[in-house]
Each structure stands twice: as structure tokens, then as C-alpha cells.
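The values are calculated or read from the model by the stated rules, or taken from the named source; none is laboratory data. These numbers were taken from a predicted model, which means no experiment stands behind them. Note that each Cβ is placed from the backbone with ideal geometry, even for glycine, and that neighbours are counted across all protein chains shown.
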Amino acid sequence: MRFDSVEYEVIDNTALVTLDEPEKLNALSPGIRSGFITALQQAEDDPNVRVIVITGAGDKSFCAGADISGFEFNTTFVKSFIDKVLDVLAMPEQVTKPVIAAVNGYAFGGGFEISIASDFIIASEKAKFGVPEIKLGLLPGFAIVRLAELVGRQMAKYLSMLGEPISAQEAKELGLVLKVVPHDQLLKQAFDLADKLSSKPQMAIRYAKSVYNRELGGADITYAKDVMPFLFLDDDAQEGVNAFREKRPPRFK
Ligand code: COA
């Protein structure tokens with residue numbers, strides 16, 4: 001089954017959700033965003049589905065983040081864009097069933113954020129993680145409210161202020177990634193974990209997710225939605241985004 005730019009398949013008790021615009025490194029285009037929400041909702045509503053696995057099409061990228069080609073710099077666009085993107089990024093936290101991110105390549109920006117919103121990350125040894133928004137004059141709206149809890153305040157600041165990528169192994173050492181596996185074993189290993197989760201009592205699994213996630217998805221996301229638009233309207237953000245589009249280094253003020 002296909003929902004916009006997202007492939008959806010149920011195998012035994014696991015829904016496989018594949019972001020599928022590899023020519024744009026599965027960046028969060030309107031088609032990926034709407035397909036992702038529909039696919040996760042479908043999995044949530046299907047009583048046969050117990051676990052959700054998210055991955056990216058192609059060999060290179062899980063998801064390269066927000067679709068920079070679609071950015072516009074006016075308040076109406078920016079506010080609506082941020083509201084919609086943050087709802088997409090928070091979706092793996094919001095569904096009641098366990099979500100595994102099978103990270104097959106770049107998990108940058110929004111792709112990084114989808115992976116940390118998931119309950120487990122299994123990473124290919126080729127995967128790379130990072131929040132490079134600072135290079136565009138921006139910040140990762142979801143990661144800035146989540147990352148400190150996951151990796152500590154210092155490392156959260158380092159990752160978001162420097163924007164440099166880290167390897168799958170480094171992400172594992174930080175506790176972000178559960179397991180690093182050979183690239184050709186990625187989906188098999190993600191499905192092995194999914195099958196183990198499926199064999200457990202489902203009410204207990206859902207309660208566990210609900211209890212661990214009980215503080216998430218409220219005022220913190222509203223805060224990010226309210227604050228982030230100001231950054232997009234800064235001159236340096238326009239320069240950073242234009243520089244990316246023109247494939248040149250930015251000249252920040
Ligand atoms: N939005 C829109 N298009 C994107 C994209 C994004 N976030 N990331 C990559 N693409 C597009 C590129 O523009 C390019 O398109 P083109 O072939 O029409 O020129 C295509 O995907 C391939 O990307 P390319 O940069 O050529 O691949 P690479 O292997 O040299 O570099 C990255 C990969 C991920 C390092 C680089 O694409 C990148 O830095 N992307 C932006 C990541 C980012 O800042 N995300 C946060 C956004 S807020």
C-alpha cells in the first residue's frame with residue numbers, strides 16, 4: 001500500500017513504514033509528511049499491528065530532514081510549516097505501539113528527530129546522525145526540547161550548536177542507538193526486535209511506553225512551535241537556506 005510518498009506494508013504483526021523519495025534523500029516533503037502521518041495512524045488503528053518499523057528507501061539516507069527546497073520566508077508559511085513538521089516529528093512518541101527506527105543512512109535534522117522520537121533505534125553501520133540546522137542559521141525544533149534528556153545538556157548543546165554529524169557507533173556510545181548492525185542485516189535485525197516485542201503481553205508493552213513517555217508531547221512541543229518561527233525570520237536563516245539552495249557556503253552576519 002502507498003500513502004503519498006510513503007510505502008506501507010504489514011508483515012505478520014509489524015507495520016513497515018518506508019519514507020520513499022530517495023532522490024531527495026527522503027527529506028520531509030509534503031508527500032512524505034502526509035504519508036507518514038497516514039501510515040502511522042493506519043498502524044495504530046489496525047488491531048493486527050503490534051509494532052511499527054520506520055526506515056528510508058535507498059541505500060544512502062533514512063531522512064535528510066525538513067524539505068529545504070520548500071521553505072518560504074513569511075510568517076504565515078513559517079508558523080504553519082513548523083506546526084505541521086513538529087506534529088510529524090512527535091508522531092512516533094504519540095502512537096501507543098512501540099516504534100523502531102531502522103536507520104539506513106543519513107538521519108539528519110527531522111530524520112534525526114524522527115529516530116529519537118521512536119522507542120528504539122537500530123542503526124546500519126553506515127548510518128550518520130546529526131542536527132545540521134545551525135549551518136542553515138536554524139535550530140532543530142524537536143531535538144532542542146528532547147536531546148538534553150537523552151545525551152546530557154553538554155552533548156545536546158555540542159550537537160545542536162556545532163551541527164556536525166556523528167557515526168552510528170558514536171550514537172550508540174551516547175545511548176541514542178540500541179544496536180549497530182551490518183548494513184545488509186538492518187531490516188532483519190529490526191524485525192527480530194519487533195517480533196520479540198510482538199510476543200510480549202501487549203497491554204504491558206503499551207503501559208510501559210505510556211509511562212516512560214508521560215511527560216512528552218505537551219507544553220514542550222507548544223513551546224517549540226511558538227519559539228521556532230522567530231528564528232526562521234532572522235536574516236541569517238534566509239542566508240543559510242539560500243546558500244544551501246545555491247550550493248555555496250553561507251555568509252552569516
Ligand atoms: N531538503 C531538500 N532537499 C534535500 C535535502 C533537504 N533537507 N537534503 C538533501 N536534499 C537534496 C539535495 O538538494 C540534492 O538534490 P539535487 O540532486 O537536486 O541537487 C539531493 O537531495 C542529494 O543531496 P546531496 O547534497 O547532493 O547529497 P550528499 O550526499 O552530497 O549530501 C547531505 C548529503 C545530507 C549531507 C546533504 O544533502 C545535506 O546537508 N542536506 C541537508 C541536511 C539538513 O540541513 N537538514 C536539516 C534541514 S532543516
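Looking at segment 169-181, can you tell me whether even one residue there is in contact with a Ser or Thr (Cβ under 7 Å, 6 or more places away or on another chain), assigned to a helix (DSSP H, G or I) and in contact (Cβ under 8 Å) with a residue 24 or more places away in the chain? Scanning segment 169-181, I find no residue that is in contact with a Ser or Thr (Cβ under 7 Å, 6 or more places away or on another chain), assigned to a helix (DSSP H, G or I) and in contact (Cβ under 8 Å) with a residue 24 or more places away in the chain, so the answer is no. Considering only residues in segment 1-48 that are charged (D, E, K, R), without any contact (Cβ under 8 Å) to a residue 40 or more places away in the chain and part of a helix (DSSP H, G or I), the one that is farthest from PHE191 (Cα to Cα) turns out to be GLU23.
When residues in segment 71-92 are screened for being within 12 Å of the ligand (Cβ to nearest atom) and more than 21 Å from ILE52 (Cβ to Cβ), 3 of them pass.
Does MET155 qualify as being among the aliphatic types (A, V, I, L, M), under 22 Å from PHE71 (Cα atoms) and surrounded by fewer than 24 Cβ atoms within 10 Å (Cβ to Cβ)?
No, not satisfied.
Before we move on, is GLY105 modelled with pLDDT of 95 or more, surrounded by 20 or more Cβ atoms within 10 Å (Cβ to Cβ) and either touching an Asp or Glu at 6+ places or on another chain (Cβ under 8 Å) or not hydrophobic (A, V, I, L, M, F, W, C) (or both)?
Yes: the conditions hold for GLY105.
A residue that is of a type outside the set (Val, Ile, Thr) and without any contact (Cβ under 8 Å) to a residue 40 or more places away in the chain occurs somewhere in segment 55-74. Screening LYS200 with (1) touching a residue at least 60 places away in the same chain (Cβ under 8 Å); (2) part of a loop (DSSP other than H, G, I, E, B) gives one miss only, at (1). Only residues in segment 107-129 that are among the basic types (Lys, Arg) count as the first member; pair them with residues that are assigned to a helix (DSSP H, G or I), Cβ under 8 angstrom, at least 6 apart or cross-chain, and list the lot. That search, which allows pairs on different chains as well, returns LYS126/ALA168; LYS126/HIS183; LYS128/ALA168.
Scanning segment 93-111 for residues that are assigned to a strand (DSSP E or B), within 13 Å of the ligand (Cβ to nearest atom) and out of contact with any Phe, Trp or Tyr (no Cβ under 7 Å at 6 or more places or on another chain) turns up just one, PHE108. When segment 112-128 is limited to residues that are more than 21 Å from ASP220 (Cβ to Cβ) and more than 9 Å from the ligand (Cβ to nearest atom), the one that is surrounded by the fewest Cβ atoms within 10 Å (Cβ to Cβ) turns out to be GLU125.
From the list LEU147, LEU176, LEU159, the one residue that fits, being in contact with a strand residue (DSSP E or B) (Cβ under 9 Å, 6 or more places away or on another chain), within 16 Å of SER118 (Cα to Cα) and among the aliphatic types (A, V, I, L, M), is LEU176. Filtering segment 134-167 to residues that are of a type in the set (Phe, Trp, Tyr) and more than 16 Å from the ligand (Cβ to nearest atom) leaves only TYR158. Scanning segment 64-89 for residues that are loosely packed, with under 14 Cβ neighbours inside 10 Å and either assigned to a helix (DSSP H, G or I) or under 18 Å from the mean Cα position of the chain (by Cα) (or both) turns up SER69, GLY70, THR75, THR76, SER80. Among all positions in segment 33-51, there is no residue which is more than 16 Å from the ligand (Cβ to nearest atom), within 24 Å of VAL227 (Cβ to Cβ) and surrounded by fewer than 16 Cβ atoms within 10 Å (Cβ to Cβ).
The set of residues from segment 136-168 being assigned to a strand (DSSP E or B) and of a type in the set (Gly, Ala, Ser) comprises just one member, SER167.
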